[in-house]
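Here's the structure we're looking at; comments come further down.
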Amino acid sequence: TSRKGGREVDRSEFADAVSENNERYKANAQLYRKRQEINEHIFGTIKRQWGYNHTNLTGLEKVNGEHSLIMLVYNIKRAINILGVPELIAKLKNWKSPYKAKYCFVLETTYFKPVFAYGKNTLSIAA
């Protein structure tokens with residue numbers, strides 16, 4: 001080589017961890033395939049079918065919030081596909097909440113209107 005210092009070979013600081021992971025994968029290929037069937041199709045659906053291949057926000061808190069909303073929508077769509085809309089609404093109306101009472105409000109012209117009221121072991125949805 002014409003370089004004064006000769007050739008250099010760089011090795012990632014994570015190369016050992018990658019090698020160990022590759023060995024675990026080879027030893028448990030069936031287990032990894034099962035995980036891919038169960039978990040990873042969700043992210044594929046969200047990325048490829050829904051088009052969410054990037055985030056619109058910056059900052060960990062905002063990105064986590066955006067991701068949580070996307071996952072909530074995925075779970076609601078899944079519940080609708082499994083139960084149907086009428087049965088899902090019936091289950092939500094009869095749901096007994098284990099959480100303390102909390103209130104969410106929406107600004108409507110000049111006053112606040114409770115949208116969801118979480119009472120003692122009940123969920124009441126104001127219309």
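For the reader, a short list of remarks on this structure follows.
- Of all residues in the range 35-52, those being of a type in the set (S, T, N, Q) and at pLDDT 85 or above number 2.
- Scanning the range 1-50 for residues that are small (Gly, Ala, Ser) and either at negative phi or in the same structural domain as Ser68 (by TED's automatic domain parsing) (or both) gives Ser2, Gly5, Ser12, Ala15, Ala17, Ser19, Ala27, Ala29, Gly44.
A quick yes/no check of all residues on (1) surrounded by 10 or more Cβ atoms within 10 Å (Cβ to Cβ); (2) touching a helix residue (DSSP H, G or I) at 6+ places or on another chain (Cβ under 7 Å); (3) of a type outside the set (Gly, Ala, Ser):
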residue: Ser2; (1), (2), (3): no, no, no
residue: Val9; (1), (2), (3): no, no, yes
residue: Asn22; (1), (2), (3): yes, no, yes
residue: Gln30; (1), (2), (3): no, no, yes
residue: Ile38; (1), (2), (3): no, no, yes
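- In the range 19-34, residue nearest to the chain's Cα centre (by Cα) [restricted to those that are among the charged types (D, E, K, R) and modelled with pLDDT of 90 or more]: Arg24
The values are calculated or read from the model by the stated rules, or taken from the named source; none is laboratory data. Remember, predicted model here, so these are calculated numbers, not experimental data. Because the Cβ atoms are built from the backbone with ideal geometry, glycine has one as well, and the counts that use them run over all protein chains shown.
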